[in-house]
Amino acid sequence: MPGAGISSEALLDKLGRPVRDLRISVTDRCNFRCVYCMPKEVFGPGYQFLKMKSLLSYEEMERLARIFAGLGVTKLRLTGGEPLVRRHIERLIRMLAGIPDLDLALTTNGSLLTDKAQPLADAGLKRITISLDSLDDDVFKAMNDAEFPVYKVLAGIDAAAAAGLDPIKINMVVKRGLNEASILPMARYFQGTGQVVRFIEYMDVGNANGWRMDDVVTSAEIVAMIDAELPLEPVEPNYPGEVANRWRYRDGSGEIGVISSVSQPFCGTCTRARLSSEGRLYTCLFATQGHDLRGYLRTGKTDEEVAEVIRGIWRQRADRYSEIRSSHTVGGLPKLPKVEMSHIGG
Ligand code: SF4
């Protein structure tokens with residue numbers, strides 16, 4: 001079996017971090033233009049998206065997933081762009097669901113979920129994360145810049161619950177001056193539903209979103225805002241390296257998460273690798289370059305040979321961008337040609 005026999009002994013990077021999480025971007029396309037990820041000014045009508053023939057096939061994605069599983073990956077998340085815009089994604093899910101001991105998840109903007117939730121569950125998907133940045137229609141449309149209404153995403157979330165996808169997590173990116181007034185309504189709405197909202201600090205991903213530190217609402221501010229009305233207490237992480245810091249409602253009605261890449265960087269426990277839809281391996285969300293793996297797949301290399309290439313890349317990994325960002329004064333950060341988040345998934 002491909003991947004079987006690939007030894008993962010002690011595959012650690014330069015900071016002693018193993019590779020545990022693989023995020024595969026199945027497409028760089030999306031039907032939204034979220035201002036913090038794919039602003040229209042850059043990703044407008046003339047933007048050149050990747051051509052279909054340059055994308056990894058589902059068979060190639062499955063093969064790489066098996067190889068990474070052999071190297072120690074236990075969690076695989078499908079992302080995009082928007083993964084559900086790629087056709088027949090259920091076929092990929094079915095293939096990946098066949099890899100033993102792999103925790104398979106998917107992140108979506110929820111726009112196509114009403115129709116896709118059941119087929120995804122039938123194909124073997126167990127859990128899902130849905131992005132929703134506000135319950136206020138005007139604010140949400142300002143964030144997604146695609147005139148897409150809230151009620152359709154909420155209907156998608158209900159369809160995911162009806163299809164038995166569990167847990168369901170909700171990701172909300174908070175940008176000051178745009179949607180911080182939506183934080184409490186989101187917390188109230190999902191409190192007691194078992195669906196966990198993760199509030200994400202606005203990040204300087206890529207080069208297109210015009211990021212400024214002033215636009216960041218820190219996790220500390222977010223927690224304080226919610227705690228003032230819905231008292232919270234901190235909870236231990238589910239596992240080492242968990243991205244979100246957990247807080248539960250003191251009345252026992254559930255929990256929230258905060259993802260604090262800017263104010264409390266977590267590079268020290270980062271075990272995430274990212275694969276773009278054209279088969280380039282990125283070792284950090286803020287990387288400036290990736291490593292081509294597609295060429296090896298398409299030139300007859302064996303799984304062990306591909307695994308050896310990946311080992312070589314991972315062993316050289318020393319990424320800790322968020323820590324570096326924090327140590328620089330605002331504005332002192334060198335302008336880096338970072339890869340766009342829509343190209344490698346969040
Ligand atoms: S900045 Fe890079 S190294 Fe740090 S947590 Fe994010 S992806 Fe990992």
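The values are calculated or read from the model by the stated rules, or taken from the named source; none is laboratory data. If you're wondering where the values come from, they're calculated on a predicted model, not measured in any experiment. Every residue, glycine as well, gets a Cβ built from its backbone with ideal geometry; the counts of neighbours run over all protein chains shown. For accessibility, only protein heavy atoms count, side chains too; no ligands or nucleic acids. Shrake-Rupley method; radii C 1.70, N 1.55, O 1.52, S 1.80 Å.
For the reader, a short list of remarks on this structure follows.
- The lysines within cross-link reach of residue 51, meaning a Cα-to-Cα straight distance under 22 Å and a gap of 8 or more places when in the same chain, are 40, 338.
- Evaluating 6.51 cos²θ - 1.76 cosθ + 1.60 at θ = phi - 60° for every residue in the range 22-32, the Karplus couplings come out as 10, 10, 10, 7, 8, 7, 9, 8, 8, 9, 10 Hz, glycine and proline recorded as x.
- Taking only protein heavy atoms and a 1.4 Å probe, the accessible area of the chain is 54% carbon and sulfur.
- Sequence-distant residues sharing a close amide H with residue 30 (under 5 Å, placed H): 82
- Shape of the range 252-330, Cα gyration tensor, a/c cut at 1.5: prolate
- In range of the label at residue 42: residues from the range 252-271 whose backbone nitrogen is under 18 Å from the point 7 Å along Cα→Cβ: 262
- Using θ = phi - 60° in the Karplus curve 6.51 cos²θ - 1.76 cosθ + 1.60, the 3J(HN,Hα) couplings for the range 161-166 round to 5, 5, 7, x, 5, 7 Hz; x is entered for Gly and Pro.
- With contributions of -39500 (n - 2.57) from each DSSP H run of at least four residues, the per-residue ellipticity at 222 nm computed over the chain stands at -8000 deg cm²/dmol.
- Taking amide H atoms as placed 1.01 Å from N in the peptide plane, the amide H of residue 103 lies under 5 Å from those of 75, 76, each 5 or more residues away in sequence or on another chain.
- Candidates 236, 323, 304, ranked by Gaussian network fluctuation over the chain, Cα under 10 Å, top entry: 236
- Karplus-based coupling profile of the range 53-59, in residue order and whole Hz: 5, 8, 7, 5, 6, 4, 5, with θ = phi - 60° in 6.51 cos²θ - 1.76 cosθ + 1.60 and x standing for Gly or Pro.
- Heavy-atom surface of the chain, accessible at 1.4 Å and reported per residue (Å²): 42
- Cα gyration tensor shape for the chain, rounded if a/c is under 1.5, else prolate or oblate: rounded
- On full extension, the segment bounded by residue 145 and residue 189 gains 13.5 nm, given 0.36 nm per residue less the C-alpha separation.
- Residue 215 paired with residue 269, simple spin-label distance in nm, labels 7 Å along Cα-to-beta-carbon: 3.0
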